[in-house]
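Down below is the structure, laid out as structure tokens.
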Amino acid sequence: MMIDDEKKSRRELKIFSDFVLRSGLPIDPSSVEKRNPPEPDILCKVGKEGFLRFELVEICDDSLAETISYQRKLNNPGPVFLRLGNTGDSTLKNKRSKQYLTNYPIELLCYTDGRNVSPPDMIISKIRFYFDCERGPFRRIWFMGEPNETCECIID
């Protein structure tokens, strides 16, 4: 379990490092800290704004993510038949209603990491559906697609 937590932390820091480069926000890279629940995932300093928290959520299709993980464990790159379902629906609902321990504003970074097949405009539309009327604890919502795709604030 501890190894999985460390792997997840390294992965989230890598994702957030990419976000720092792509977002255009004046985030001080030396201020970025990985935090543990019940705090949001990341604490950082943003220019003159001061400290800000980010919660990260991967937008992926659960069945695709499970199959990729299973194939990696088996070291089997062979073809697989999949029926893809709802990309991130339950995860987005849960994030919206989650409570966090912090005194700083929280923003949500929704990202993709190769485990979905939906185009960015479809994903952004779904995120807006869940957060336009009820943002939960989040001040702003960001979307960061694959490296050659968009990285933008979609709900300000």
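Every number here is computed from the coordinates shown, using simple stated rules; none is lab data. Owing to the predicted nature of the structure, the values given are computational and were not obtained by experimental measurement. Note: ideal-geometry Cβ built from the backbone for every residue, glycine included; neighbour counts use all protein chains shown.
Of note:
- Database remark: amide H of residue 140 closer than 5 angstrom to the amide H of 108 (H placed geometrically; neighbours at sequence offset of 5 or more, or on other chains; Pro and chain starts carry no H).
- Sorted largest first, extent of segment 84-156 alpha carbons per principal axis (Å): 35, 24, 20
- Packing rank of 21-32, 134-145, where each peptide gets the mean count of other beta carbons within 10 Å, highest leading: 134-145, 21-32
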